[in-house]
1. Take the conditions surrounded by fewer than 24 Cβ atoms within 10 Å (Cβ to Cβ) and either free of Cβ contacts under 8 Å to residues at least 12 places away in the same chain or closer than 16 Å to VAL135 by Cα (or both) and apply them to GLU25. Does it pass?
2. Yes or no: GLY130 touching a residue at least 40 places away in the same chain (Cβ under 8 Å), open to solvent by less than 20 Å² (accessible area, probe 1.4 Å) and closer than 17 Å to ARG66 by Cβ?
3. If you take the residues of region 28-54 that are more than 30 Å from VAL229 (Cβ to Cβ) and among the aliphatic types (A, V, I, L, M), which of them is surrounded by the fewest Cβ atoms within 10 Å (Cβ to Cβ)?
4. Among the numbered criteria (1) surrounded by fewer than 23 Cβ atoms within 10 Å (Cβ to Cβ); (2) not in a loop (DSSP other than H, G, I, E, B), which single criterion is violated by ALA96?
5. Counting only residues that are touching a Pro at 6+ places or on another chain (Cβ under 9 Å) and free of Cβ contacts under 8 Å to residues at least 60 places away in the same chain, which one in region 50-89 is farthest from GLY131 (Cα to Cα)?
6. I'm trying to understand the selection: among the residues of region 99-122, which are surrounded by fewer than 21 Cβ atoms within 10 Å (Cβ to Cβ) and part of a helix (DSSP H, G or I)?
7. Given (1) at pLDDT below 95; (2) open to solvent by less than 40 Å² (accessible area, probe 1.4 Å), identify the lone condition not met by MET190.
8. Have a look at ALA209, ALA220, ALA171 and point out the one that is small (Gly, Ala, Ser) and part of a strand (DSSP E or B).
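The values are calculated or read from the model by the stated rules, or taken from the named source; none is laboratory data. Please read all numbers here as calculations on a predicted model, not as lab measurements. Cβ coordinates were reconstructed from backbone atoms using ideal geometry, including for glycine residues, and neighbour counts include every protein chain displayed. Side chains are part of the model used for accessible areas, which takes the heavy atoms of the whole protein and leaves out ligands, DNA and RNA. Shrake-Rupley method; radii C 1.70, N 1.55, O 1.52, S 1.80 Å.
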Amino acid sequence: MTLRAFCPGHVTCFFSPGRREDPLESGSRGVGFLMDSGSTAEVSERPDSRIEITLNGEPSEACVTRFACGLLAPGRGFDIAIENPLPLGQGFGTSASGTVAATMCIASIIGASDDDALRVSHISEVVNGGGLGDVCGMIPGSGFSVRETAGFPPHGKCSPLDLAHGRLTVAVVGPPISTASVINGSTAQMISEVGAGCIDRFMGNPTMAMLFACSNQFSAAAGLEGPHVKRAARLLSFRRYNWGMCMLGNSIFTDAPEDVVHDIAGPDAFVMSVEPGCRPRGML
């Protein structure tokens, strides 16, 4: 039996990491959005205990997915094929979406729930240095959401945001960034404090204009903008478009149309128009 499931990518706009000894109590506060693009996993059970994973047709260690599958179905083996058009390491939640899609398939195979799949996916993200909030950001199944408290429910709480918005454009403007090097680095405490202030400011006036303003404040004050993001930001601002940095990547989200972003990022850059708002879907 082969099962397929889809999970959308997730962009965090600004965040405040919060680590505890228990991975289920660890995570982040923050604001982000789901995209209508993400990971599709195809899973079949093996007769042995090996977990074989391919990503876009190539063998992959996929440590976050592998660990989560082992937690959900210890001692059982699976062939897992994940397809995802989004670039890795660019703040699009690819490790989370691939893991959730795979574990949702395995949960169906073994008679577990989607909540079980999400829980082990969150644990694996925390333990293996992936994102601290992407999985929780997928739970409301809305366009935009706010992670009000860190951790996986019931420790954490993530609520939908009713924001008036149109399509956004996401684009990669530089090389990948290691999420673990930032959230576990020497500046983690400073990032947490800056992020907390931005979240509180945004929640006082939760609009798209304030979301872009707080995104800009966060990436600048936290020292996360490299030269590639700064260049794209300068050119977009000059043309009077709003923008924000995807956490964590050399990538941006903006209300500028695709052709304008291609003109700025270059004809060979990854640029995609997305509609915020898509939820993980079970068997396809």
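1. On the way: surrounded by fewer than 24 Cβ atoms within 10 Å (Cβ to Cβ): yes; either free of Cβ contacts under 8 Å to residues at least 12 places away in the same chain or closer than 16 Å to VAL135 by Cα (or both): yes.
Yes.
2. Numbers: touching a residue at least 40 places away in the same chain (Cβ under 8 Å): yes; open to solvent by less than 20 Å² (accessible area, probe 1.4 Å): yes; closer than 17 Å to ARG66 by Cβ: yes.
When the stated conditions are applied, GLY130 passes them.
3. From region 28-54, those more than 30 Å from VAL229 (Cβ to Cβ) are 41-54; that's our starting set.
Subset that is among the aliphatic types (A, V, I, L, M): 41, 43, 51, 53.
Working: ALA41: 28, VAL43: 24, ILE51: 20, ILE53: 22.
Of everything passing the filter in region 28-54, ILE51 is surrounded by the fewest Cβ atoms within 10 Å (Cβ to Cβ).
4. If we test ALA96 against (1) surrounded by fewer than 23 Cβ atoms within 10 Å (Cβ to Cβ); (2) not in a loop (DSSP other than H, G, I, E, B), just (1) comes out false.
5. Step one: of region 50-89, the residues touching a Pro at 6+ places or on another chain (Cβ under 9 Å) are 52-53, 56, 77, 87-89.
Right, trim to free of Cβ contacts under 8 Å to residues at least 60 places away in the same chain and you get 52-53, 56, 77.
Numbers: GLU52: 23, ILE53: 20, ASN56: 21, GLY77: 25 Å.
Residue satisfying both the conditions and the ranking: GLY77.
6. Step one: filter region 99-122 for residues surrounded by fewer than 21 Cβ atoms within 10 Å (Cβ to Cβ), giving 108-116.
Passing the criteria: SER108, ILE109, ILE110, ASP114, ASP115, ASP116.
7. The number of the failed condition is (2).
8. Numbers: ALA209 fails: part of a strand (DSSP E or B); ALA220 fails: part of a strand (DSSP E or B).
Only one candidate passes the filter, namely ALA171.
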